[in-house]
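Student: Got a structure here, written out as structure tokens. Questions coming.
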Amino acid sequence: MKHHDFLLTETVDIVDRLHHGADFVGAILNGADLSRAILRRADLRHANLSGASLAGAILSGADLSGAILTDADLRGANLNAADLRGADLRGADLTGAKLIAADLRGADILGTEFGNVGLSMTRFN
């Protein structure tokens, strides 16, 4: 499923439309409600997810490199083995998230909340 021109500018619930390995390269999903979405191995490179709710979402193995996640709600999200290289996570809330073996090299994490986060084998530099 290709969604290169996918545009979502208001808060809506699209969880039922998403699936494993979905392609959302460059998608504009700011403010979207993706709470509890199952997005294993999804391609979200350079997607705009600013202010989106991804609380409890399963993003294990997802490619979020270069994604904009400013002020996103990622509380309790599973980001194990996710690629977040160069992602903008300023002001994001990752409280209780799982980031085991995730790659955050070059990510902007200024003001990001990392309370009670699983960071085993996570790469920052």
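Each reported figure results from applying straightforward, stated rules to the coordinates on display, with no laboratory input. It should be emphasised that the depicted structure is a prediction, and the values quoted were computed from it without experimental measurement. Using ideal geometry, Cβ is built from the backbone for each residue, glycine included, and neighbour counts are taken over all protein chains shown.
Student: Answer with one residue from Leu69, Gly91, Leu59: the one whose Cα lies farthest towards the positive end of the charge dipole of region 56-125, charges on Cβ with Lys, Arg +1 and Asp, Glu -1.
Tutor: The residue sitting farthest along the positive end of the dipole is Leu59.
Student: Same structure again: Calculated FRET efficiency, Leu119 and Asp23, Cβ-Cβ r, R0 35 Å, to nearest 0.05? Write out the running numbers ahead of the final one.
Tutor: Working: r = 28 Å, r/R0 = 0.80.
With R0 = 35 Å, the Cβ-Cβ based efficiency is 0.80.
Student: Turning to a different aspect of this structure: Long-range amide H contacts for Ile38: which residues qualify at under 5 Å (H placed 1.01 Å from N, peptide plane, sequence gap of 5 or more or a different chain)?
Tutor: Residues meeting the criterion, in which the H sits 1.01 Å from N, are Ile58.
Student: Same structure again: Show me the ranking of peptides 93-101, 77-85, 48-56 by mean Cβ neighbours inside 10 Å, starting with the highest. Please list the in-between numbers first.
Tutor: Numbers: 93-101: 20.8, 77-85: 24.3, 48-56: 22.7.
Highest to lowest by the protection proxy: 77-85, 48-56, 93-101.
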